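Take a look at the structure below.
The values are calculated or read from the model by the stated rules, or taken from the named source; none is laboratory data. None of these values were measured; they are calculated from a predicted model. Methodologically, a virtual Cβ is constructed for each residue, glycine included, from the backbone with ideal geometry; neighbour enumeration extends over all protein chains shown. To get the accessible areas, we keep the full protein, side chains included, count just its heavy atoms, and leave off ligands, DNA and RNA. Shrake-Rupley method; radii C 1.70, N 1.55, O 1.52, S 1.80 Å.
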Amino acid sequence: MAKTYLDQIVEYPAKVMLRLAEDKYCTGLLTNKAFNEVGEDDIDTAADEFIKDYQYVDDTVQQVAAYIWVEMEVNRVDNKTMKGIRLYVSVACHKNYMTLNRQMFKGIKGNRRDNLVRFVDKVLNNSEFLGLGALKLHSVRTVTPINSFTIREITYEIPDFNIVEIKE
């Protein structure tokens, strides 16, 4: 496959999605399964159904669920060598899925969405599996709700190379 200057738009979200699906806390909260009971099938379910590389909830969705959406953008080009990348991780949770089962999630305070935000950040913040350095938390903000879903968006910044050698 030919390389392009914007391969990160595809590669980085895919890497992040895999890391999040493999995390027992994120997958447990997405699939409503106790953390110590999360297995390979749950990881597959989270990766296939609840973690996406685009933001979308159909108007007809009746499923009471939570989703993680991973997207990125090149927010600046510093020079011909370096560029800045922003990674956006949105956590969307249906209003009827916000409350956690306290028997299943013992010791966890707060709601499902905010705990997903916490555990996503635990996986990603200061990690070094993308770009040239560690992911740095830039912001966490509440986004306008859509279709009975409440949303928080986490933004990370990553320095990366701008120009790569492209061979056909």
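Points worth noting:
- Top-ranked residue in the stretch 59-83 [being touching a residue at least 40 places away in the same chain (Cβ under 8 Å) and not in a strand (DSSP E or B); ranked as least open to solvent (accessible area, probe 1.4 Å)]: Val61
- Checking Arg86 against (1) in contact with an Asp or Glu (Cβ under 6 Å, 6 or more places away or on another chain); (2) open to solvent by less than 50 Å² (accessible area, probe 1.4 Å); (3) not in a loop (DSSP other than H, G, I, E, B), the condition it does not meet: (2)
- Residues within the stretch 114-132 that are open to solvent by 20 Å² or more (accessible area, probe 1.4 Å), over 12 Å from the mean Cα position of the chain (by Cα) and not aromatic (Phe, Trp, Tyr), tallied: 5
- The stretch 1-57 holds helices (runs of 4 or more DSSP H) entirely within its bounds, and those carrying 3 or more residues that are closer than 18 Å to Leu116 by Cα, open to solvent by 30 Å² or more (accessible area, probe 1.4 Å) and touching a residue at least 24 places away in the same chain (Cβ under 8 Å) map to 8-22.
- Checking each residue in the stretch 134-157 for being of a type in the set (Asp, Glu) and either open to solvent by 80 Å² or more (accessible area, probe 1.4 Å) or at pLDDT below 95 (or both) picks out only Glu157.
- For the stretch 89-103, the set of residues classified as open to solvent by 60 Å² or more (accessible area, probe 1.4 Å) and part of a loop (DSSP other than H, G, I, E, B) consists of Thr99, Asn101, Arg102, Gln103, listed by residue number.
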